[in-house]
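Undergrad: Submitted below is the structure of interest, expressed as C-alpha cells.
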Amino acid sequence: MAWFVAAWSCLLVVVMVSSMRLSRSASSSCGSSCGGGHGGGGWGPRSYPVIGCLVAFYRNRRRLLDWYTEMLAASPSQTIVVDRLGARRTVVTANPANVEHILRARFANYPKGKPFTDVLGDLLGMGIFNVDGELWHAQRKLVSHEFSARALRDLEVTVLEAEARDRLVPALAAAAAARGGGGGVVDMQDVLRRFAFDVICRVSLGVDPGCLDPALPAPRLAAAFDTAAGIIARRGAAPVAAVWKVKRALDAGSERRLREEVGVIHEAVMGLIRSRRKERALLLVNGNGVGGARSDLLSRMIECGYPDEAIRDMVISFIMAGRDTTSSALTWFFWLLMRHRGVEAQVLDEIAATRRGRGAGEEGEGLDLDDYRRMRVLHAALCETMRLYPPVAWDSKHAAADDVLPDGTAVGRGDRVTYFQYGMGRMEAIWGADAADFSLDRWLSLPRGGGDGGAAASPAAAAFAGVSPFKYPVFQGGPRTCLGKEMAFVQMKFVASAVLRRFELRPVDEGRTPAFVPLMTAHMAGGLNVTVRRRTPAPASGGAANGTGGELTSS
Ligand code: HEM
C-alpha cells in the first residue's frame, strides 16, 4: 500500500509541476487546435499535463517540418511553443522580429548552449561552429579575416576550375555518351556531394581526396565524415538524450562507431598539420618562407601560430559547414529548373551573355570571380531555391536567462529557441499569397543596388540587400552569420554554369516530388536521378526563342 501512495504522490507532484510550467509563460492568445492551440504557454500543438504534446508529436513525427509550418502559419504571430515529456520547452518561431531579437538584438542571451555543443562536441571539439562566448569571438575574428582574403577566393576559383575540368565535366560527359549518346542516368545529388567534399578539402586542408574520381577508391576520410555526421544527426534527433549518453559511456553500438570514425578524422587532420609544419620549416630554412606559402585555411592557421588541436577543430568545423550545404542547395536548384524551363532558359541566357562579354572560349570556364559575382538572375534562382529548400532547415539556441520575445512570447532560462528557415520560406505573412511558388520576380523586382549589402557583398548580393537576413535567415543573420556565404555563392554559380551550358538534365521520374529530409544538412530522399544529354547550342535569346517567353514563374 505504501508504494501505491508514494507512486500517487509522485504523479501528483509531476502533474502540478507540469501544470505550473504550462501556465508559467502563457502570453499569447489561446485557441483551439490547428493541430494548434494552446501548447506549453503559447500557441502550439494540443498539450496535456505531464505528457505535453507527446501524442500529437508522435503522430506527426514523420512530417515534423510540415506540421510545424502549418502551426506557425495558423499562429497569430508565427510563433509556437512545443512542450512535451522528455524534451525541454521549445519556442519555434518564423517571426522576423523575433528572429532579429534572437540573432542580433539579444545575441548574448541566445548562445547555442550546452545541449547543442554536447551533441556535436565529440566531432567538432572547440571549433568555431561549436563554441560560444569568448572562445567563439576569438575564432570568429581570426577566421573572418581569412575568409575575406583575396588569396582564399582565388584559391577557390582555381580549385573549382580543376575539379570541373578533371572530374565533374568528364563524369557527366561519360554519362551523356552512354546508350549511344542517348544519355545515361546519374544521381546528381551524389555527384554534387562528392564534388563539394573535394572542393572543401582542397580549400580547407590543401589536399585532394579525389572523391569524384571514379579511378580512385572511395576515400576513407569522406566515409568517416559521412558516418560521423549521420550518427551525430541521430543524436540530435533522439527523443531522449540520455540514451546516447549512456551508450557513449559504455562505448557501445553507434557511439563506439562514432568514436572510431572521429579517430580516423582526427588522425588524418593531425597528420596533415604535422607534415605542413615540416614543409613550412623546410621552406624557412631554404629562405622561401613567404613565396612558397600555401593559401589553404589549414596552412593559414599554422602561419597564425595556432596550436595543433585548435587548428584541427577549426578545419573540421569548416569541412562540416561547407561539405553538404552547397550540394544540398544545388540538388534542389537543378530539380526546380527541370520543372521551370522558362527560368532555366533565363539562367542560360545570362550565362551565355556573361561568357560572350568575357570572350570565353568553349574550353574551360573562362570567367573570373567578379563575373560570377555579377550574375543576377542566377543569384535570384539560387536564393529562391534556398527560400523553399534551405540547406539548414532549422537552427536552435538556448536561452541564458528569462526573456520576452517581441511578439510577447515568454522564454524561460534554458528553453530551446528555434528559428525555422524552412517554415519562414513558406509563410504567406512574409512572402505574400504566392509564397509557395518558385518565382525569381520577388528577387529581381527589388530595386537594383538598394542597400549596401555589407562591405564584402557581391554586386548581385547588394542588389538583394533589401531582403532582411531576419526574414530570410538561410545563412543565419547577426554576428554569427555564415562565414562561407560568398564562397558558397561563387561555388554554386560556378557549378550551375559549368553544368547547364554543356548538359541538359531531365528527371528520370517526371511525376515525382521528392521528400526534403532535414537532418544536420538537408538532402533529397532517394537522390536526384537524372538523364544527362549534351546540350545542343541554343539561339542567342533562349528564353524568348524557345516559346517560354522567358517568364519568371512557371508551374
Ligand atoms: C549554401 C551554402 C551554405 C548555407 C545555406 C550555410 C548556412 C549556414 C548557417 C545557417 C549557419 C549558422 C549555423 C549555426 O550557427 O548553427 C552557418 C554557419 C557557418 N558557415 Fe555556412 N552555409 C553555407 C555554406 C558554407 C560554406 C561553403 C562554408 C565554408 C567553409 C561555410 C562556413 C560557415 C562557418 C564557418 C559557420 C560558423 C559561423 C559562426 O559560428 O560564427 N558555410 N552557415
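Values quoted throughout were computed directly from the atomic coordinates according to the rules given, and no laboratory measurement underlies them. Every value quoted in this text rests on a predicted model; they were computed, and no experiment measured them. Cβ coordinates were reconstructed from backbone atoms using ideal geometry, including for glycine residues, and neighbour counts include every protein chain displayed.
Undergrad: Holding the Cα-Cα limit at 27 Å, pick out from Lys247/Lys397; Lys114/Lys278; Lys471/Lys493; Lys141/Lys485 the pairs that are longer than that.
TA: In this structure, Lys114/Lys278 lie more than 27 Å apart at Cα.
Undergrad: Follow-up question, since we're still on this one. Work out, step by step, the length gained on full extension between Asp118 and Arg358: first 0.36 nm times the residue separation, then minus their alpha carbon distance; give nm to one decimal.
TA: Computed gain between Asp118 and Arg358 is 81.4 nm.
Undergrad: Going by C-beta contacts inside 10 Å, put Lys278, Lys493, Lys245 in order with the fewest on the left. Intermediate results must be reported in sequence, preceding the final value.
TA: On the way: Lys278 10, Lys493 27, Lys245 15.
Least to most surrounded, the residues fall as Lys278, Lys245, Lys493.
Undergrad: Next up: State the extension gain, in nm to one decimal, for the chain segment bounded by Ala515 and Ala138, taking 0.36 nm per residue of separation less the distance between their alpha-carbons. Intermediate results must be reported in sequence, preceding the final value.
TA: Values: separation 377, 0.36 × 377 = 135.72 nm, distance 3.92 nm.
Length gained between Ala515 and Ala138: 131.8 nm.
Undergrad: Using the count of nearby Cβ atoms within 10 Å as a rough guide to exposure, how do Lys485, Lys397, Lys114 rank from fewest to most?
TA: The fewest-first ordering by Cβ neighbours comes to Lys114, Lys485, Lys397.
Undergrad: Rounded to the nearest 0.05, what FRET efficiency do Ala237 and Cys304 give with R0 = 25 Å and r taken as the Cβ-Cβ distance? Could you check?
TA: 0.10
Undergrad: Modelling each spin label as a point 7 Å along the Cα-to-Cβ direction, I'd like the Ser445/Leu284 distance in nm, to one decimal.
TA: About 6.0 nm separates the two model spin labels.
Undergrad: What percent does the relative contact order of segment 221-320 come to when contacts are Cα pairs within less than 8 Å and at least six residues apart?
TA: Relative contact order here is 25 percent.
Undergrad: Further question on the same structure: For Arg534, list long-range residues whose amide hydrogen, built 1.01 Å from N in the peptide plane, is under 5 Å from its own amide hydrogen.
TA: Glu504
Undergrad: With r as the distance between the Cβ atoms of Asp187 and Arg274 and R0 = 30 Å, compute the FRET efficiency 1/(1 + (r/R0)^6) and round to 0.05.
TA: 0.25
Undergrad: Order by neighbour count: Val467, Val377, Val530, Val285, fewest other Cβ atoms within 10 Å first, most last.
TA: In increasing order of surrounding Cβ atoms, one gets Val285, Val467, Val377, Val530.
Undergrad: Run the dipole for segment 47-534 about the Cα centre, Lys and Arg Cβ at +1, Asp and Glu Cβ at -1, nothing else charged, and hand back the magnitude in debye, nearest 20.
TA: That gives a dipole near 580 debye.
Undergrad: Using a simple spin-label model with points 7 Å from Cα along the Cα→Cβ vector, what separation in nm is obtained for Leu85 and Val508?
TA: Label at Leu85, label at Val508, 4.4 nm between them.
Undergrad: Also, I was wondering about something else. Which order do the peptides 206-219, 316-329, 44-57, 163-176 take when ranked by the mean count of other beta-carbon atoms within 10 Å per residue, highest first?
TA: Final packing ranking: 316-329, 44-57, 163-176, 206-219.
Undergrad: Kindly write out, for segment 509-522 in residue order, the coupling ³J(HN,Hα) from the Karplus curve 6.51 cos²θ - 1.76 cosθ + 1.60 (θ = phi - 60°), rounded to whole Hz, with x marking Gly and Pro.
TA: Couplings: 10, 4, x, 7, 10, x, 7, 8, 10, x, 6, 5, 10, 6 Hz.
Undergrad: If each residue of separation counts as 0.36 nm, what is the full-extension length gain between Arg62 and Asn529 once their alpha-carbon separation is subtracted?
TA: Between Arg62 and Asn529, full extension yields an extra 165.8 nm.
Undergrad: Ok, one more. R0 = 35 Å: FRET efficiency of Asp251 with Asp166, Cβ-based, nearest 0.05? Don't skip to the end; give the middle numbers.
TA: Values: r = 42 Å, r/R0 = 1.19.
Efficiency computed from Cβ-Cβ geometry: 0.25.
Undergrad: What residue among Val50, Ile273, Val517 has its Cα farthest toward the positive end of the dipole of segment 47-534, where the charges are +1 on Lys, Arg and -1 on Asp, Glu, each on the Cβ?
TA: Value computed over the given set: Val50.
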